[in-house]
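J.: Here it is, the structure in full.
The values are calculated or read from the model by the stated rules, or taken from the named source; none is laboratory data. No experiment lies behind these values; they were computed from the predicted model shown. Note that each Cβ is placed from the backbone with ideal geometry, even for glycine, and that neighbours are counted across all protein chains shown.
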Ligand code: 5RP
């Protein structure tokens, strides 16, 4: 039988162990009394029990029904964002993370709520396994689009198509943009300018305060200069 240190190291060789390690490190950043934004996805699914296990007094807002259900089952108090207003911290996963802190999010189709929650929080902590760290972002970039004229909206973008997946938490279709992503600020501005695009999955570094990436060697903690709104 290996030592606890050896088995902990071994568990970080796999993606699931890395997600769990990043999630546990993030749970340690939450303080008693915090108003907490809860993201969506399989990495956040590891974060929720780690947060619940701390036994803190918290008020939380969830970015999807799946997260809301899981959080409530774990005894976390979930309220509407408008009841909480400003949040102290939000924790969420990502699909891609570039060296500057640009993110692609929305693999689970919840990126609009996630962006609203991130913008409402004093601190956004991103949690991920090592394969999410990329040298440069690439397609697809998720889009939430209005159902009215969705085909026309996507046609105006060129390389975009509806995703064969459930709608967003607010009932809107989810699509993906497959064009180049080599200039994230320019692409973010272009996607934001298209009527019918409710929100895109590019998150600027100014939204992000901390990135916890777990790899075989442990959890790396990158701190960014969050633009406090
Ligand atoms: C959902 C998201 C998720 O945070 C992102 O897709 C990462 O998910 P996972 O932790 O399952 O890899 O943006 O809209």
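J.: Evaluate the following for residue 108: is it in contact with a helix residue (DSSP H, G or I) (Cβ under 6 Å, 6 or more places away or on another chain) and outside any helix (DSSP H, G or I)?
T.: Against the criterion (in contact with a helix residue (DSSP H, G or I) (Cβ under 6 Å, 6 or more places away or on another chain) and outside any helix (DSSP H, G or I)), residue 108 does not qualify.
Okay, residues lined up against (1) buried (at least 23 other Cβ atoms within 10 Å of the Cβ); (2) farther than 27 Å from residue 215 by Cβ; (3) not assigned by TED's automatic domain parsing to the domain that holds residue 210:
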site: 22; (1), (2), (3): yes, no, no
site: 30; (1), (2), (3): no, no, no
site: 43; (1), (2), (3): yes, no, no
site: 65; (1), (2), (3): no, yes, no
site: 73; (1), (2), (3): no, yes, no
site: 95; (1), (2), (3): no, no, no
site: 100; (1), (2), (3): no, no, no
site: 104; (1), (2), (3): yes, no, no
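J.: Okay, moving on. Would you call residue 54 out of contact with any strand residue (DSSP E or B) (no Cβ under 8 Å at 6 or more places or on another chain), away from the ligand (no atom under 14 Å from the Cβ) and farther than 26 Å from residue 171 by Cβ?
T.: yes
J.: Still on this model: Could you tell me whether residue 104 is under 14 Å from the mean Cα position of the chain (by Cα) and within 22 Å of residue 81 (Cβ to Cβ)?
T.: Criteria not met by residue 104.
J.: Name the helices (runs of 4 or more DSSP H) wholly within the stretch 39-88 that hold at least 2 residues that are in contact with a helix residue (DSSP H, G or I) (Cβ under 9 Å, 6 or more places away or on another chain) and in contact (Cβ under 8 Å) with a residue 60 or more places away in the chain?
T.: Helices (runs of 4 or more DSSP H) meeting the threshold: 42-52.
J.: Being part of a loop (DSSP other than H, G, I, E, B) and either free of Cβ contacts under 8 Å to residues at least 40 places away in the same chain or exposed (fewer than 14 other Cβ atoms within 10 Å of the Cβ) (or both) is the filter here; which residues of the stretch 119-138 pass it?
T.: 134, 135, 136
J.: Another question, then. Being closer than 14 Å to residue 109 by Cα, surrounded by 14 or more Cβ atoms within 10 Å (Cβ to Cβ) and out of contact with any helix residue (DSSP H, G or I) (no Cβ under 7 Å at 6 or more places or on another chain) is the filter here, so list the residues in the stretch 168-193 that pass it.
T.: Within the stretch 168-193, 172, 174, 176 meet the criteria.
J.: Pick out the one residue from 127, 211 that is within 16 Å of the ligand (Cβ to nearest atom), closer than 17 Å to residue 92 by Cβ and out of contact with any helix residue (DSSP H, G or I) (no Cβ under 8 Å at 6 or more places or on another chain).
T.: 211
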